Amino acid sequence: MAGARIFGFDPHNSQSQEPSKLLRLKIIAGHSLARKDIFGASDPYVRIDLSAVESDEAIDSVLTKTKKRTLNPTWDEEFIFRVLPSEHKLVLQVFDENRLTRDDFLGMIELSLMAIPKEAEGRVIPPKKYNLQPRSVRSKVKGYLHIYAAFVPDPAEHSRDTESRNGSFDETENVPDTTPPSFTSRPMASSGNNVIPSSQSESSDGWEILSGDIVDGATGQVEGPSQPFSSTSEPLPPLPTGWEERQDANGRTYYCNHNSKTTQWDRPLMGVSQSALGRTAAENITNEMNELGRRFHISIDEDEQSTSSQNQVL
């Protein structure tokens with residue numbers, strides 16, 4: 001069957017939940033066919049239609065070769081069909097080929113696919129004899145066809161079963177994208193270098209951004225991540241389990257947490273969770289806000305005291 005053309009049903013254009021099967025159909029011979037030519041013989045051929053059971057709509061068709069001047073033709077032609085056994089049937093029609101007039105009908109067979117045997121090693125499936133049937137009350141038919149029909153192993157199904165037993169899978173599925181996320185800088189209206197406070201946002205690929213960028217207040221350009229600085233040459237401690245150090249296209253170092261699918265600029269510390277880092281950052285921001293408010297109130301109090309002293313002198 002290797003390299004043989006497969007006729008019939010196209011599973012890629014169907015929404016049926018029934019698995020398709022491969023059917024081997026062999027048209028072996030015809031016997032005692034009706035005479036249609038004036039010389040007392042016929043030029044028979046077989047048309048094979050794969051049709052829908054409910055609508056009789058032909059899905060695919062194929063023809064055998066024509067055998068000249070015989071009532072007992074031998075074809076020995078084999079075809080492979082992909083079918084849905086519960087939804088499809090095979091309709092075989094025998095015709096006498098004519099050059100000048102319409103081909104004469106010699107009989108037909110409707111073959112149900114629900115009781116077809118399956119080929120197996122050591123199993124012998126004999127061909128069967130099918131009597132030709134008329135398609136109307138006016139049809140005059142006689143004779144029968146010798147046909148072999150059996151389901152054969154599907155190479156595609158065998159490949160899927162092998163992959164399932166071996167536990168193979170598409171390595172591109174369910175693998176997180178470790179591409180560093182793109183950060184959007186928001187300039188702050190003040191001079192000098194300003195650090196955008198750490199915040200949790202989500203990029204388009206599902207990674208959470210836990211650390212901010214350093215932004216130049218005058219130009220609004222991102223200068224780069226805040227990296228830990230060490231005045232000693234001692235090696236840095238190893239990263240916690242599930243973390244990985246990487247560099248982006250600009251040579252900036254960032255860290256990927258494969259456990260929670262997050263990235264950050266700051267090097268993670270052993271034994272320190274991200275929630276603790278987040279709480280520390282939030283506490284630092286709160287303290288800075290409180291300190292700014294306290295200084296603001298002190299400035300107001302000093303101005304009020306200065307104004308009150310000037311009024312008393314006047």
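Does at least one position in the stretch 93-102 carry a residue that is open to solvent by less than 50 Å² (accessible area, probe 1.4 Å) and either among the charged types (D, E, K, R) or closer than 21 Å to Asp10 by Cα (or both)?
yes
Which one is nearest to Asp37 (Cα to Cα) among residues in the stretch 84-121 that are of a type in the set (Val, Ile, Thr) and modelled with pLDDT of 95 or more?
Per the stated criteria, the residue is Val94.
Quick one: how many residues across the stretch 1-42 are without any contact (Cβ under 8 Å) to a residue 24 or more places away in the chain, open to solvent by 60 Å² or more (accessible area, probe 1.4 Å) and in a loop (DSSP other than H, G, I, E, B)?
Summing the residues that are without any contact (Cβ under 8 Å) to a residue 24 or more places away in the chain, open to solvent by 60 Å² or more (accessible area, probe 1.4 Å) and in a loop (DSSP other than H, G, I, E, B) in the stretch 1-42 gives 5.
Go through (1) outside any strand (DSSP E or B); (2) within 14 Å of Phe105 (Cα to Cα) for Tyr45 and report which single condition fails.
Only one criterion is unmet by Tyr45, namely (1).
Just one of (1) within 12 Å of Arg82 (Cβ to Cβ); (2) in contact with a strand residue (DSSP E or B) (Cβ under 8 Å, 6 or more places away or on another chain); (3) open to solvent by less than 60 Å² (accessible area, probe 1.4 Å) trips up Ser61, so point out which.
Ser61 satisfies every listed condition except (1).
Name the single residue that is farthest from Pro153 (Cα to Cα) among those in the stretch 103-142 being part of a strand (DSSP E or B) and open to solvent by 60 Å² or more (accessible area, probe 1.4 Å).
The residue in question is Gln133.
The values are calculated or read from the model by the stated rules, or taken from the named source; none is laboratory data. Note that the structure is a prediction, hence the values are computed from the model and not measured. Note that we place each Cβ from the backbone using ideal geometry, even for glycine, and neighbour counts take in every protein chain shown. Ligands, DNA and RNA are excluded from the accessible area calculation, which covers all protein heavy atoms including side chains. Shrake-Rupley method; radii C 1.70, N 1.55, O 1.52, S 1.80 Å.
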